[in-house]
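Notes follow the structure.
Taken together, the values in this text are just the output of simple stated rules run on the coordinates, not laboratory data. Treat the numbers as computed from the prediction; the structure is a model and nothing was measured. Neighbour counts are summed over all protein chains in view; Cβ atoms, including those assigned to glycine, are modelled from backbone coordinates with ideal geometry.
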Amino acid sequence: MKTLRRIPGVLALAVVSASAFGADVHGPANVEDLRYSWRIKGGIRFIAGLMFPTSGTGSFKTTYPKAGEAINSELLITSPAGKSGGFYLYESQMDAAGDKTLMTYTGYEWGKKARNERTHFDYTKGLARINRQNPEESAYRVKKLPQAEMRDILTAIYYLRQHASEIRKPVATSIYTDGKEYPVIFQPAERRAFTLEKAKVTATAFEIIDAPGGKKWSGGVKVWLTDDARRIPVRIEIQQSVAALQLDLQSIASSGFELASN
């Protein structure tokens, strides 16, 4: 049962060049909307399927507002039946440079399991304000920030996209997830080719892994970013000790590349 209770946590951590999909991309000019399929990998897949979906669809949206305003990112993962059959929602609001998280939110509903947690980072006062709501618990707490800049998973992925060309060796930093901070390492990994709608694209993998010493993070993220200027995440793998969640890009519903590259 301990393993089954950890499945929502696996989902919670779960986060192409234009030529690969053709030029017919519609939607708001300031919103990048990427559509994925996802599945649970590993031996836990059968056990997880007894209580939770093991595959489905997802969308990864980034909204680029006017210059100087906060950037918003959202990862929504749903069951094959859509949001009504279960979902996981992760949101991040980051500063205009995309370097630090201003607000992070996690919420999911799978069967009888549900959770909502929102954290606001007050960098002026050096405080994190955490509000958690679920059927078993309603809590609000305030804790001191351990450092001047905090990054959740989505901000970390955005940071990797913006700095991919500069990251040539391991970079020590930290990650904020599930109300805790962990020392981690950003590092480049292998390159490989992907086939997307009959077009070939190459992508370089970047990893977010536990750093030696300090508080141990049992998770991990690996994201393949296209080698072109857009650095689109064509595959995202979110690892936990019991299972791994893999998201594969299927299409681009809308592209905010022009604002993102300014």
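Here are the numbers:
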{"item": "For segment 192-209, Karplus couplings with θ = phi - 60° (6.51, -1.76, 1.60), whole Hz, Gly/Pro x", "result": "7, 9, 10, 10, 10, 6, 6, 10, 8, 10, 9, 9, 10, 7, 10, 10, 10, 10"}
{"item": "Hz values of 3J(HN,Hα) by residue in segment 173-190 - Karplus curve (6.51, -1.76, 1.60), Gly and Pro given as x", "result": "7, 9, 10, 10, 7, 6, x, 9, 10, 9, x, 9, 10, 8, 8, x, 10, 6"}
{"item": "Amide H contacts under 5 Å for LEU102, placed H, 5+ residues apart", "result": "GLN93, MET94, ASP95"}
{"item": "Segment 126-262: relative contact order in percent, alpha carbon pairs under 8 Å with at least 6 residues between", "result": "13 percent"}
{"item": "Greater than 25 Å apart at Cα, pairs in LYS83/LYS198; LYS143/LYS216; LYS125/LYS180", "result": "LYS83/LYS198"}
{"item": "Hypothetical label at ARG132: residues of segment 158-198 whose amide nitrogen lies under 12 Å (7 Å Cα-Cβ projection)", "result": "178-180"}
{"item": "Segment 85-132: Rg to Rh, with Rh as the Kirkwood radius over Cα pairs", "result": "1.10"}
{"item": "Interchain or long-range residues, amide H under 5 Å from ALA189's placed H", "result": "ALA205, PHE206, GLU207"}
{"item": "Cα gyration tensor shape of segment 159-262, rounded if a/c is under 1.5, else prolate or oblate by comparing a/b with b/c", "result": "prolate"}
